[in-house]
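Trainee: The structure's right below; bear with me while I get my questions together.
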2 protein chains.
Amino acid sequence: MADGRPSAAISGENLLFLTDEQLRQGIEAMFFAYRGFTADPDRILSDLAYGRAHHRAIHFINRAPGTTVNNLLNILGVTKQSLNRVLRTLIADGLVQSRVGQSDKRERHLFLTDEGRALEGRLSDAQRARMRTAFRDAGPEAVAGFRTVLEAMMDTEMRRTYTRLKESGA
Amino acid sequence: MADGRPSAAISGENLLFLTDEQLRQGIEAMFFAYRGFTADPDRILSDLAYGRAHHRAIHFINRAPGTTVNNLLNILGVTKQSLNRVLRTLIADGLVQSRVGQSDKRERHLFLTDEGRALEGRLSDAQRARMRTAFRDAGPEAVAGFRTVLEAMMDTEMRRTYTRLKESGA
DNA sequence: CTTGGAATGTCAACAAGGCTGACATAAACT
DNA sequence: AGTTTATGTCAGCCTTGTTGACATTCCAAG
């Protein structure tokens, strides 16, 4: 618990690697970087009376058009009631379209309208711009390391979801 | 905006580097990893009727004992009113002590009590455990890249704060 | 020294977005 | 057919963000 001392997990080449202080720096880096990560879309959204929750819904509907509410729930990791509130406003505002499933009429399939896609574009452009600058400044090897660590930090469940999306994408 | 195409910023060695698809994977990795990052402390906190805001306050008071409310505000990036509510409960519960400044009586200097330090320990232990596993699995070079990218992703202001904390720590 | 403004922190009220509970509808199983 | 399970919606609560109003303290100009 005291700083400077190497922490519990020491094995092989990691002798002087994982001090509590270094872990804490990693924690704080995550905290401050996440603020930067969300800052640009947040600015756009606040002008529109939307929040981060709307952004997340729009992002993943764009990523997997026709997805069901239930599927979106698993990706986002919130309750269906919470997601529903957000979807309701997006549908009312004409950014998202909800179609009753044909094989299973309990399901609603979600799509972005043209207007929804337009906002999605604005938001991703802003977020990608920052990511692009950061990636370029850091260089390809740093980016590879960045992704490796982030993947290792996810829960197993989320890593599976992430991987599935990744492979469906490219 | 279409995937597969290399994005705007192309320069030198980065020829095939920054496609929109890769940037989007970075964005999604951040999203899913941050969930994992906060999951363990969140579980502990929910048993105690505290939230992430309490965790953040406790973390940085521990990191910089005697800090003022105003200073904490700049670190956390929320309004003083919002922080104040959290601090009030922590003080009422005896986890944080607030002392009126001696040179400037408007200021309140914040300290963790023994009980506060105990909770801080539980929370950081949980969060560090995950970070340690991720770092170990990823290896030292990946960790270096991880930190480089995160730093590049911060706003200038936050990067300064982060660096100041980092240098005061080790 | 006093007075007006700036800095610091507190209290109150509101909004976004988490949560659980209750419920309607459709499907599936016995 | 009748019960159980899955999906989605509506209502209400809690945390934590926000702005507005205010008390206290400091400091600088007169």
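The values are calculated or read from the model by the stated rules, or taken from the named source; none is laboratory data. Treat the numbers as computed from the prediction; the structure is a model and nothing was measured. Note: ideal-geometry Cβ built from the backbone for every residue, glycine included; neighbour counts use all protein chains shown. Surface areas here come from the heavy atoms of the whole protein model, side chains and all, with no ligands, DNA or RNA. Shrake-Rupley method; radii C 1.70, N 1.55, O 1.52, S 1.80 Å.
Trainee: Looking only at segment B:104-113, decide whether some residue is within 14 Å of chain A (Cβ to nearest Cβ) and under 17 Å from B:Y50 (Cβ atoms).
Mentor: Yes, because at least one residue in segment B:104-113 is within 14 Å of chain A (Cβ to nearest Cβ) and under 17 Å from B:Y50 (Cβ atoms).
Trainee: I need a count of the residues in segment A:113-151 that are more than 25 Å from B:F135 (Cα to Cα) and of a type in the set (A, V, I, L, M, F, W, C).
Mentor: Final tally of qualifying residues: 5.
Trainee: Something else now. So if I check each of A:N74, A:N70, which one is within 14 Å of DNA strand C (Cβ to nearest atom), more than 14 Å from chain B (Cβ to nearest Cβ) and among the polar types (S, T, N, Q)?
Mentor: Testing whether each residue is within 14 Å of DNA strand C (Cβ to nearest atom), more than 14 Å from chain B (Cβ to nearest Cβ) and among the polar types (S, T, N, Q) leaves just A:N70.
Trainee: Yes or no: A:R136 open to solvent by 10 Å² or more (accessible area, probe 1.4 Å), over 25 Å from B:R35 (Cβ atoms) and either aliphatic (A, V, I, L, M) or outside any helix (DSSP H, G or I) (or both)?
Mentor: In short, no.
Trainee: Could you tell me whether any residue of segment A:144-151 is open to solvent by less than 60 Å² (accessible area, probe 1.4 Å), over 19 Å from A:I75 (Cβ atoms) and outside any helix (DSSP H, G or I)?
Mentor: no
Trainee: Please specify each residue of segment A:100-121 satisfying the condition of being within 10 Å of DNA strand D (Cβ to nearest atom) and of a type outside the set (V, I, T).
Mentor: A:G101, A:D104, A:K105, A:R106, A:E107, A:R108, A:H109, A:L110
Trainee: Then there's this: Give the residue that is nearest to B:R56 (Cα to Cα), with candidates limited to residues of segment A:25-43 that are open to solvent by 30 Å² or more (accessible area, probe 1.4 Å) and either polar (S, T, N, Q) or more than 11 Å from DNA strand C (Cβ to nearest atom) (or both).
Mentor: A:R35
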